[in-house]
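This report concerns only the one structure given below.
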Amino acid sequence: MKLSKKQRARVLNITLADINRADDFYESKVEPLLQERQKVYTASKEYYRQKFPKLSEQSDIVSYDMWSTVQWAKAPILSAFFGGDEIVNIVGREAEDADRGAKMKKLIEFQLLKQNSGFVKFGQWIDDAMALEIGVVKAWWKRETEEDERTELLPPYRLEEMASDPKIEIVSVSDPDEFGDLVVKYKVITVTVNQPVVELVRPTDIRWTPGARTLEEANFVAQKKVVTADHLRRMANQGTYDRKAVAAAIDAGDDPDYSIIDIDINPELEDKDDGEDPARKRLELYECYTKIDVDEDGLLEDVIATVCGGQLLRVTENHYGQIPFFVLSPNKDPYKVIPDLGFSEVIGELQHLKTAMLRQVVVNLALNNQPRNYVDDVKVNMDDLLGDRQYVRVHGNPNQAIYTQAIQPIAAWTMPFFEYIETLLEQWTGRTRYNQGLDAKSLNKTASGMNMIMKASTQRLGQIIRQFAETGVGELYRFLIKLNQKYITQDQVIRLMNEPIEISLDDLSGKLDIDVNIDIGIGEKQQTIQNLQLFLGMLFPQGQAMGVLTPREWINAARKIMSESGIRNINDYVPSPEQYEQKQQQQMMQQQMMGPMGPMNGGGPDGPVPGGTAPGGNPAGPGGGMLKGMPPALAGIASQQFGA
C-alpha cells in the first residue's frame with residue numbers, strides 16, 4: 001500500500017489516538033472485570049485473605065467451584081468438536097459443491113489438528129471463554145519460501161519457458177554466444193510453508209474502542225504484543241517493516257506496560273534481561289486493524305497498521321476484508337463485546353460463601369480436636385506443663401487445677417446449608433451430580449427416568465456448545481474456507497485418520513458455507529443408538545427380503561452407530577457406501593476376466609474327468625484348487641507350468 005508522507009502521518013496520528021482511547025477503556029472498564037474473574041477462577045488465597053482477613057488468620061482453605069465448573073464443561077465441549085459428532089459441517093450452496101464441502105472439511109480438520117495442535121488450543125480457548133467470559137483466537141496465513149540461486153548455459157527457448165514459470169525468478173541474462181546460448185542466472189523459489197496459523201490470544205492483549213457491540217463492528221481493534229529489538233530488526237531486514245521507523249522505535253521505546261492480570265499470573269514478567277545485550281530489549285507493539293479514510297475521500301478503508309514506540313512500522317491494506325479475531329463467550333451480551341454478568345459473577349457469590357463456611361467449620365473442628373485448656377498457675381508447676389514433661393507437679397486435685405473447654409459441635413443447620421448451596425449451583429450452572437456420576441442415592445432407578453434426568457441436566461451445556469458453534473468456532477471455519485480458497489495454489493495430499501486424501505484446486509472452489517448440527521444430550525445419543533440397532537435387527541432383514549432395502553442402508557445405519565458412539569475413524573470398521581460399491585464393481589470385473597467356468601456338466605470335451613481335474617489333464621485337487629474357474633486353455637498351460 002503506497003502512501004504519501006502526508007497520508008502516512010495521517011494514519012499514524014489517527015492510530016495513536018485510537019490506541020490511547022482503547023487503552024483507557026481497557027484499564028478503566030475491561031481490566032477490573034477480567035481481574036476479578038481471574039481471581040475467582042483461580043480461587044487465589046491472597047484474594048480470599050483480603051476478603052476474609054479474620055478467618056484467614058486461622059484457615060486458608062478455599063472452595064474451587066468456578067474452576068470445577070469450567071473443567072466439567074470443558075471435556076464435553078471438546079468432545080463435541082473433536083469427537084465423533086459433526087457439530088460444524090461445511091456444505092456447498094449449490095448441488096455441484098456437495099463433494100467440495102466434504103473435502104474442505106477434511107482439509108480444515110487436518111490444518112487444525114495436525115498443523116496447529118487444535119485440541120490444545122481449543123481447550124485453552126474454552127478455558128478463557130468460560131472463566132473470563134471472553135476467549136479469543138487469531139487466524140492468519142503463513143507462507144515461507146526458500147531461494148536457490150543457480151547459473152546455467154541455456155538455449156533461448158528454455159529461457160522463455162523459465163520466464164513463464166512462477167517458481168523461477170530471472171536475475172540476469174548474458175549476451176548470446178556464437179551458438180546462440182545464454183548464461184542465465186536465476187533463483188528457484190520453493191514454498192516450504194503454506195498454511196493457516198491459529199494462535200491463542202490472551203483477552204488481556206486485545207484492545208478495542210468503546211461503544212462497539214462486537215469486535216466486528218469496532219472501527220479499531222488491536223492486538224498488543226511484547227517483542228524484542230532483534231525481532232524488529234529481522235522484520236526490517238526482510239522488508240516487512242520500515243528500517244528508519246524500526247531504528248527510531250528501538251531508541252524511543254519504553255519498557256512494556258504489563259497488565260495487572262499478567263503480573264498476577266507471572267510476577268517475573270517485569271524482570272529485565274536486556275542489560276548486557278541490547279538486542280533483547282523488550283518493546284510494546286500494537287498490530288491494529290482499523291478503518292481510516294486514508295485518502296480523505298469520505299470513505300473508510302480497511303487498513304492494518306503496525307505501531308511501536310510511536311512509530312508507524314508498516315501500513316497495508318487489510319486483504320482479509322475483516323478482523324482475524326474470533327471470540328467465544330458462553331453468556332454473550334448482544335450489546336457489548338464482553339458481558340457484565342457471567343458464570344464468575346453467579347458462581348463467585350456462592351464460592352465466597354462456601355469458602356467462609358468451610359473455614360469456620362475447619363476452625364471449629366480444630367478447636368474440638370485440640371480444645372483449649374484453662375490452668376490455675378498457682379496450683380500447677382508451669383515449667384513442667386510448658387516443658388511437656390511426663391510428670392507435672394500439681395498442688396491438690398488436678399481436675400480442679402486444669403479445666404478443658406467443652407466440645408462445641410457445629411450448628412445443626414450447617415450441613416443442610418451446604419446442601420442448599422450445592423442445589424443453587426446445580427440450578428444456576430446445569431452442573432449436577434447426576435451428569436457427573438456422583439449421586440448414588442437417586443430416587444429414580446429406571447433407565448428411562450435417568451435418561452430424562454441426564455437430558456435435562458445437559459440442556460444448558462448443549463446451549464453453550466451451540467452458541468460456540470454459531471459464533472466463534474463457526475466464524476473461524478468460514479474464515480479458514482476463505483483463506484484456503486485464496487492462498488492455496490497447488491494440489492494437496494493430506495493424511496487424516498490413516499486415510500490419504502487428495503485435494504485439488506477444483507475441490508476448494510465453489511460456494512461453501514457452514515452448517516451447525518448439535519445433539520449433545522447423552523440420553524438422546526443412547527436412544528439413537530438403540531433405535532438404529534432395532535432397525536438393523538428387525539426392520540432391515542424384512543426390508544431386504546422385500547427388495548426395498550439395500551446394503552447401502554445397512555452401511556449408513558452402522559456408520560451412524562459408530563459416529564454416535566464417538567468413533568471418528570469409522571472407515572477402519574465400516575466402509576463407506578461408495579467404497580463398498582467400488583469393491584463390488586472390482587469383484588464383478590475380476591469374475592468377467594476369469595471367463596466361463598467350463599461346460600455345465602463339469603467334464604472335458606472328451607467326457608468326464610476325475611474330480612478336481614481341469615481340462616488339459618491337470619489335477620487341481622479337491623474342489624479344483626488354484627486352477628478352479630480357469631478357462632480350459634489357461635488351465636492346461638498352468639498345469640504344465642506348475643508340474644501337475
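The values are calculated or read from the model by the stated rules, or taken from the named source; none is laboratory data. Computed from a prediction, not measured in an experiment: that's the story for all the values here. With ideal geometry, Cβ positions are generated from the backbone for all residues, glycine too; neighbour counts draw on all protein chains shown. SASA here: full protein model, heavy atoms, side chains in, ligands and nucleic acids out. Shrake-Rupley method; radii C 1.70, N 1.55, O 1.52, S 1.80 Å.
There is at least one residue in the stretch 72-83 that is among the aliphatic types (A, V, I, L, M) and open to solvent by 40 Å² or more (accessible area, probe 1.4 Å).
Yes/no per residue for (1) at pLDDT 85 or above; (2) among the small types (Gly, Ala, Ser); (3) under 24 Å from Glu86 (Cβ atoms); (4) within 31 Å of the chain's Cα centre (by Cα):
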{"residue": "Met546", "(1), (2), (3), (4)": "yes, no, no, no"}
{"residue": "Glu553", "(1), (2), (3), (4)": "yes, no, yes, no"}
{"residue": "Tyr573", "(1), (2), (3), (4)": "no, no, yes, yes"}
{"residue": "Pro596", "(1), (2), (3), (4)": "no, no, no, no"}
{"residue": "Pro599", "(1), (2), (3), (4)": "no, no, no, no"}
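Results for (1) open to solvent by 40 Å² or more (accessible area, probe 1.4 Å); (2) within 22 Å of Lys106 (Cα to Cα), shown as yes or no for each residue.
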{"residue": "Gln533", "(1), (2)": "yes, no"}
{"residue": "Ala545", "(1), (2)": "yes, no"}
{"residue": "Arg552", "(1), (2)": "yes, no"}
{"residue": "Ile561", "(1), (2)": "no, yes"}
{"residue": "Asn569", "(1), (2)": "yes, yes"}
{"residue": "Pro575", "(1), (2)": "yes, yes"}
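Selection of the stretch 270-283 for residues being open to solvent by less than 40 Å² (accessible area, probe 1.4 Å) and within 27 Å of Lys29 (Cα to Cα) yields only Leu283. Pull up the stretch 37-71, narrow it to residues that are part of a loop (DSSP other than H, G, I, E, B) and open to solvent by less than 30 Å² (accessible area, probe 1.4 Å), then point me to the one that is farthest from Ala129 (Cα to Cα). Out of the qualifying residues, it is Ser59.
Lys103 meets all of the listed conditions (1) in contact with an Asp or Glu (Cβ under 6 Å, 6 or more places away or on another chain); (2) touching a residue at least 60 places away in the same chain (Cβ under 8 Å); (3) surrounded by fewer than 15 Cβ atoms within 10 Å (Cβ to Cβ) but one, namely (3). Within the stretch 203-249, the set of residues being within 30 Å of Ala129 (Cα to Cα), of a type in the set (D, E, K, R) and in contact with a Lys or Arg (Cβ under 9 Å, 6 or more places away or on another chain) comprises Asp205, Arg207, Arg213, Lys224. Looking only at residues in the stretch 123-145 that are aromatic (Phe, Trp, Tyr) and part of a strand (DSSP E or B), the one that is surrounded by the fewest Cβ atoms within 10 Å (Cβ to Cβ) is Trp140. Selection over the stretch 194-230 of residues that are closer than 19 Å to Leu283 by Cα and open to solvent by 20 Å² or more (accessible area, probe 1.4 Å) gives a count of 7. Please determine whether any residue of the stretch 319-333 is acidic (Asp, Glu), part of a strand (DSSP E or B) and open to solvent by 20 Å² or more (accessible area, probe 1.4 Å). No, because not a single residue in the stretch 319-333 is acidic (Asp, Glu), part of a strand (DSSP E or B) and open to solvent by 20 Å² or more (accessible area, probe 1.4 Å). Looking across the stretch 151-181 at every residue that is among the small types (Gly, Ala, Ser) and under 24 Å from Gln490 (Cβ atoms), the one that is least open to solvent (accessible area, probe 1.4 Å) is identified as Ala163. Within the stretch 306-318, the set of residues being open to solvent by less than 30 Å² (accessible area, probe 1.4 Å) and under 12 Å from Leu285 (Cβ atoms) comprises Thr306, Val307, Cys308, Leu312, Leu313.
Residue count for the stretch 231-241, restricted to those that are part of a helix (DSSP H, G or I) and surrounded by fewer than 21 Cβ atoms within 10 Å (Cβ to Cβ): 6.
Answer with yes or no whether Val184 is at negative phi, among the β-branched types (Val, Ile, Thr) and surrounded by fewer than 13 Cβ atoms within 10 Å (Cβ to Cβ). Taking the combined requirement at face value, the residue does not satisfy it.
Output the residues belonging to the stretch 106-122 that are outside any helix (DSSP H, G or I) and open to solvent by less than 60 Å² (accessible area, probe 1.4 Å). Result: Asn116, single match. Within the stretch 296-355, which residues are in contact (Cβ under 8 Å) with a residue 40 or more places away in the chain, among the small types (Gly, Ala, Ser) and under 19 Å from Gln7 (Cβ atoms)? Hits for the stretch 296-355 are Ala305, Gly310.
With respect to the conditions (1) buried (at least 16 other Cβ atoms within 10 Å of the Cβ); (2) acidic (Asp, Glu); (3) closer than 18 Å to Tyr320 by Cβ, Asp262 lacks only one, and its number is (3). Exactly one residue out of Glu475, Glu499 is under 30 Å from Thr145 (Cβ atoms), at pLDDT below 80 and open to solvent by 40 Å² or more (accessible area, probe 1.4 Å): that is Glu499. Look at the stretch 403-425: where a residue is closer than 27 Å to Phe343 by Cα and surrounded by 11 or more Cβ atoms within 10 Å (Cβ to Cβ) and a partner is modelled with pLDDT of 85 or more and of a type in the set (Asp, Glu), sitting 6+ places away or on another chain with Cβ atoms under 7 Å, you get Leu425/Asp65.
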